[in-house]
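Report on the following structure.
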Amino acid sequence: MSLFLIVLLPFAGALLPGLLIRAGRNVCAATTGAVTATALLGLIVNAPAVMRGQSLTARLDWLPALGLNANFHLDGLGLLFAGLILGIGLLIILYARFYLSREDPMGRFYTFLLLFQGAMVGIVLSDNILLLLVFWELTSLSSFLLIGYWSHLPESRQGARMALTVTGTGGLAMIAGMLILGNLADSYDLSVILTRKETIQASSLYPLALVLILAGCFTKSAQFPFHFWLPHAMAAPTPVSAYLHSATMVKAGLFLMARLWPVLSGTPEWFYIVATTGLVTMVLGALIALFKDDLKALLAFSTVSHLGLITMLLGFGTKGAAVAAVFHIINHASFKAALFMTAGIIDHETHTRDAQRLGGLRRLMPVTFAIATITALSMAGLPFLNGFLSKEMMLEEAAHTAWLGNPWLVPALATAGALLSVAYSLRYLVHVFLGPERDDYPTRPHDPGFGMWAAPALLVVPVIVIGIYPAVAEALVNTTATAVIGQDPHVHLKIWHGLTPALFLSVVAVAGGALLLSVQRPLARLWDSTPRPEAKTMFDAAIAGLAGLGNRVTDGLHNGAITRYAAIFMVTVVAVGWHAYGGGALGAETRALSQISPVAWIGWAVLVIATLGLIRYHRNRLRALVLMGVIGLIVSISFNYLSAPDLALTQLSVEVVTIILLLLALNFLPEITPPETPPLRRMRDMTIAAAAGLGAGGLIYLLMTRDFVFGTISDFHLTRSYKGGGGDNVVNVILVDFRGYDTFGEITVLGIAAIVIYAVTEALLDSPVRRRLLHRQPGHALAGDAHPMMMVIGTRVLMPIALMVAAYIFLRGHNQPGGGFIAGLVASIALVMQYMASGFAWASERQRYPYHGIIAAGVLLATATGVGSWLADRPFLTSNFGYFRIPPLKEFELATAMGFDAGVFLVVVGAVMLALESISRMARRQDNEVSPYPMDIDPARETTPAKET
Amino acid sequence: MELLVASAIGLLTAAGVYMVLRLRTFPVILGLSLLSYAVNLFLFATGRLAINLPPVLKSHSNIDPAGYTDPLPQALVLTAIVISFGMTAVIVMVSISACLASDTDRIDLTPAPGAEAEAGEDQPEDRR
C-alpha cells in the first residue's frame, strides 16, 4: 500500500466514528478498528521489503523551491514505530470499546483517537522535516483533545492545557531548530540531512539547533525538567493514557532523537545534554513513582523514568547503546501499555486506583493479576521476560560510560534507577494484589469481561516470547538499529551473557529493590513530610505571571480608545521611517522641478486655507464638512491638472456621495465636538501630527525629484494597452484587463462593505435602540416644506440626463476617461437625488430591485465574464475584442472587458445605494407617514396632505 | 510643482493625524478621510508629476511611453478612492450604532458624559 495512503487512512477514517456512532457502539468501534487494521495491513505488506534492508519512499513535490515536499519514507525505524502506533492502537480501540461507559460520547473519542493516530504515523513516516513539524504540532493538538476528553472534569481540562502548553512550547522551539538544521544541511529532506553529519556538526549554529530540537523532544517525551505534565495528563481516560503514554506521543521525542541520531549524536554537547537529562529523569521519575499511591500516577512516573532510560541510552552516542535503546522501546511499549490497561481495569472494576485502598485482589481478579504480574515483573527487569534483556544491555552500556572522567557515577545512578524500578514494579503487585482481602472496596471487584482483558493479554505474548526466545526479536531490532546507526549491528540477543558486570548490577538492583519495598511505608511518610517543589503550583504561577504580563502590556496599549494606539502607531511609523532614512543611501536629484503656474498656486492656497480652517473650526461639524468638501474638490482638480482625468472624475463623484453620507451621519451624531483635551495634550498631538506630515511630505518630495531606481512596468501597459486590451484609456484597460483580478477583488470588498453596513443597520433596528430612534426628537425645528417642489421637479428633470451621462461615461470608458466605477457613481448620485427630493419612504416604494441583488448581479456578471475566457481556453479574465459595424452607425468596438466593467458598474451602484439607504432607513420616525405624493405642496393638487408637526 | 504637491500631502497627513487623535468619532472619521486624500495623492505622486500628458493613447503605432504619464499608480488610486468610500461608510455606520447604543460619541469606554467623566477624560490611561 502506498505510504500516502497509510498516513491518510486514519485522517480520512476519523470522519467515520462520529457518524457511525448512530448505528451503535459496536459498529462505531468496529469501523474504527477496521480503519486502523487496514492501515496496519498496508504497513505489513511493505514490511518484508524493509526487513530485507530496502527503504521505501513516496514523493510529492509541492513547493520544491521552498523545500516544502510531502515526502514519506519507510525504513526500519519508521516500520517499528508505525507498527507500534497502529498495532497498539488496534488493541486500544478494542479496550476502549469496553472501557468507556454509556455516558461517554464514543464517536468523539474514536475520532480524536484516529486523528492522533494519523498525526503520529505522519511523524514517523515523514521524510521532510517541515512536514514532520506539521504532524508534530498535530499530535500536540489532537492529544490535547484526547487528554481533555472528559471535559466536564477540571483536572482533565487543566491537564490537557498543561500538556498543550508544555509540548506546544517545545514544538515552537523545535520549529526554529529544524529550520536551522535544514539551512545547515541545505535541504529539508531527512534523507539528505542524514548524510550531512560533518557539515552540520562543523557549523557554529550546531549547538543552537541541537538545544532547540532537544527542547522539542524533551518536552514531548516528558524529560526532566519538563516531566511534570505527564502525570497531570493522566486525568484522561485510561485508553488514552495507555496509548499516548506508553507507545506513542511520549515516544515521539525518542523517535526524533533516534531519527536524527546519525547527524546530531557523537559530540560532547549531545552526550552531556542528552545522557545527563536521561539519567536524571530516570532516577527522579523512579523515585517519585515509588511514593505515588494513584496507580496511574505510579505508572506515569515509571514511564517518565523509562523514557529517561531510553534517552540516556541514545545520549551515550555509542552504537551498542543505540541498539539497546531501540530494543527497550519495543519492550517498554508492550509491557507498559498492558500495565496501563490493568490499572484501567482495576479502576473500572473497583472504582478506585488508590493503592492505599486496594490490596488482596489476586483471588478476586485472577486474570488481571496474572497479566499484571507478568508485565510488572518485566518492568522490574526479571529474567525470562523482555524487560530483563534490554535492562541488561542498558546496565552493560552504563558500566562502560564515564561522566566527566568519573567512571562510577553513571553505573551507580543507572543501578539506582533500576533498583527503584524494581521497587515500584513490585509495589504495584504487592500493594494491589497481594496481602489480605479487604472488605472496604468501593465495589465488589471481579475480573472484567473478555473484551476488556483481551488487549492486555495479547500484549503479554511478546513480553514472554521475547523474554524466553529473544532471537525472535533479532531481525526487527537489527533492521531498526540499522536505520538509526547506519549499519547492521548484527546483534544476537540472548539471556545469558556470562558473569558480566551488568548481571552483578542487576542482582544488586533486584535485591535492593525488594529490600526497599519492605520499608516503603515508613519512607513514604518521610517523603510526604518533606517539602518539595510542586510542579503544578510553579507551572500555574508561571502561567499566571505571563498572563498578567500580557494583560498589563495589552491594557497599557489598548485602553479602550483608539487614540492611544493610533498615537503609538504613528510615533512608531515615523521612528521606523526615520531610521530607514538614516540607514539608507539617498541618490542624487535627477529630475528638474516642474514649473508652477498661477492656477496651481491658487489651488494650493485654497487647499492650505481649507485644511487649516478645518483644524481650527472642526468643532462645528457642519462647517468642518463644508471645508472637507472644499479639500476634496481641490484634490479632484489637482488630479485633473496632473494628467489624471479618470481620477479627477472618480474623486469628484465620490466626494458627492461621501458628503451626503457624512451629512446623514450628522443626523444621528451631536452637531458639535466639545473641547475636552487640555492644551498640553493638544500640543503633543500636534507634534505627532507635524512629525507624520513632515515625514510623508519629505518622503514624497525626495521621491518625486528622483527617477525610478528600477525599470517600471508602466511602459509595458502603455505599449500593450491597445494591442492587448483594445483600449486607448490605459488606466481603464489596466483596471478591467491587465489587473482585472485586482479589480474583481476590489468590487467584491466593496460589496461586502455595503452588506456589512446593511447587517449592522438590521441588528441595530432589532435592538432596544429602535425604540429610541422611533421617538427621537429632532434637535431643532425641521423645514416646514420637507420636499420642496422646486427640488422635486429639478431632480426629476435631471435624472434622465444624469443617467444618460452615466451611460455615456460607461461606454466611452475603454478609450476615453470614464468607465464602470465613475459611471456607477454618477448613476448613484442621480438616484440619491430622488431620495433627497421626495423622501426616503416615497423613493424606496418605487424601487424595483433590492440593492443586494444589484451587488450580487454585478459580482456574478464580472465572474461570468472572467469565466467566459475559459471557454476560449484562456486564463480567467482574459479579454477579447473586435470591431463591428451596424449601418447606419459608424464602426464601433466591442470588448468582453465591457461585461466586466458592467459588473463593476452594478456593484458600485448597489454598494453606494445600499450604504446610504441603510443609514437613512434609521432616520424614519414613528410619526413619519408615507406620503402618497412626491412633494408636500403641489399647486396642481386640490388638498395638501396633513403636514407633520 | 513638486514642492506644492509634497507640502499639500504633508499638510493633509498632519491634519489627518491630528484629527484621528481626537476623542470623538466624527473628527476621527474626518481625519481618516483626510488621511485617505493624503495617501491617494502620495500613491499618485509616486508615478511622478506630469502636466497635460494623460494616459490616453493618441495614436496606435509608435507608442512612446515618455509621451504619457504613468498609468499604473492612477489605476491603483482609482480603486483606492472607491474602496475608501466603502470603508468610510462602514466606519460611519459603526460610529452611529455606537453613539445610538451608548448615548455618546466618545471613542473611549466612558459610559456616559457627566461630571465624573469630565474630570478624568483627558487622562484615559488612568482608567480601564
### Task
Report ³J(HN,Hα) in whole Hz for each residue of segment A:567-572, in order, from the Karplus equation J = 6.51 cos²θ - 1.76 cosθ + 1.60 where θ = phi - 60°; Gly and Pro get x.
5, 4, 4, 4, 4, 5
### Query
Taking the alpha-carbon centroid of each part, what is the distance from segment A:203-256 to segment A:604-634 in angstrom?
65
### Task
Could you list which residues have their amide H under 5 Å from that of residue A:128, counting only those 5 or more apart in sequence or on another chain, with H placed in the peptide plane?
A:71, A:190
### Summary
For segment A:729-949, the dipole about the Cα centre with charges only on Cβ (Lys and Arg +1, Asp and Glu -1), to the nearest 20 debye, works out at 180
### Query
Would you list A:488, A:715, A:440 from fewest to most Cβ contacts within 10 Å?
A:440, A:488, A:715
### Task
Among A:821, A:838, A:851, flag the residue with its Cα farthest along the positive direction of the charge dipole of segment A:729-949, charges on Cβ as +1 for Lys/Arg and -1 for Asp/Glu.
A:838
### Query
Whole-Hz Karplus ³J(HN,Hα) for segment A:762-774, in order, using 6.51 cos²θ - 1.76 cosθ + 1.60 and θ = phi - 60°, x for Gly and Pro?
4, 4, 5, 6, 8, 9, x, 4, 4, 4, 5, 5, 5
### Query
How far apart, in nm, are the 7 Å Cα→Cβ label points at residue A:202 and residue A:707?
4.7
### Task
Quick one: compute a quarter of the convex hull surface over the Cα atoms of the protein assembly as shown and quote it in nm².
57.4
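Could you compute the FRET efficiency for residue B:64 and residue A:767, with r as their C-beta to C-beta distance and R0 at 51 Å, rounded to 0.05?
For R0 = 51 Å, the calculated efficiency reads 0.25.
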#### Entry: Euclidean distance between Cα centres, segment A:115-143 to segment A:711-752, Å
44
### Task
Could you calculate the contour length gain from residue A:845 to residue A:439, that is, 0.36 nm times the residue separation minus the distance between their Cα atoms, to one decimal place in nm?
137.7 nm
### Message
Give me the dipole magnitude in Debye, nearest 20, for segment A:275-518 about the Cα centre, with unit charges on the beta carbon: positive for Lys and Arg, negative for Asp and Glu.
### Response
100
### Query
Dipole of chain A, Cα-centred, from +1 at each Lys and Arg C-beta and -1 at each Asp and Glu C-beta, to the nearest 20 debye?
1100
### Summary
Once amide hydrogens are built 1.01 Å from N within the peptide plane, the residues lying 5 or more places from residue A:403 or on another chain with amide H under 5 Å from its amide H are A:409, A:410
### Query
In terms of the Cα gyration tensor, with a ≥ b ≥ c the square roots of its eigenvalues, is segment A:729-949 rounded because a/c is under 1.5, prolate because a/b exceeds b/c, or oblate?
oblate
### Query
Along the charge dipole of the protein assembly as shown, Cβ charges K/R +1 and D/E -1, which of B:55, A:243, B:101 sits furthest on the positive end?
A:243
### Message
Calculate the FRET efficiency for residue A:515 and residue A:104 from the Cβ-Cβ distance with a Förster distance of 56 Å, rounded to the nearest 0.05.
### Response
0.85
### Message
What are the extents of the Cα atoms of segment A:275-518 along their three principal axes, in Å, largest first?
### Response
55, 35, 29
### Rough spin-label spacing in nm, given labels placed 7 Å along Cα→Cβ, for residue A:472 and residue B:94
6.8
### Query
Where a ≥ b ≥ c are the square roots of the eigenvalues of the C-alpha gyration tensor, would you call segment A:126-173 rounded, which needs a/c under 1.5, or, failing that, prolate if a/b is larger than b/c, or oblate?
oblate
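With r defined as the distance between the Cβ atoms of residue A:406 and residue A:34 and R0 fixed at 56 Å, what FRET efficiency is calculated, to the nearest 0.05?
So the FRET efficiency works out to roughly 0.55.
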### Query
In deg cm²/dmol and to the nearest 500, what is the mean residue ellipticity at 222 nm of chain A if only DSSP H runs of at least 4 residues count, each as -39500 (n - 2.57), divided by the residue total?
-23000 deg cm²/dmol
### Message
Positive end of the dipole of chain A, charges at C-beta (+1 Lys, Arg; -1 Asp, Glu), about the Cα centre: which of A:386, A:515, A:45 has its Cα farthest in that direction?
### Response
A:515
### Query
Applying the Karplus parametrisation 6.51 cos²θ - 1.76 cosθ + 1.60 with θ = phi - 60° to the phi angles of segment A:835-847, what ³J(HN,Hα) value in whole Hz is obtained for each residue in order, glycine and proline being reported as x?
4, 5, 6, 9, x, 4, 5, 4, 5, 6, 5, 9, 7
### Query
On full extension of the chain, what length is gained from residue A:59 through residue A:528, given 0.36 nm per residue of separation minus the C-alpha to C-alpha distance?
163.3 nm
### Chain lengthening between residue A:938 and residue A:585 when straightened (0.36 nm per residue, less Cα-Cα)
119.9 nm
### Query
For residue A:816, which sequence-distant residues (separation of 5 or more, or a different chain) have an amide H within less than 5 Å of its own amide H, given hydrogens modelled in the peptide plane?
A:729
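We did not get these values from a lab; they are worked out from the coordinates using the rules stated. Note that the structure is predicted; figures quoted are calculated from it, not measured. Using ideal geometry, Cβ is built from the backbone for each residue, glycine included, and neighbour counts are taken over all protein chains shown.
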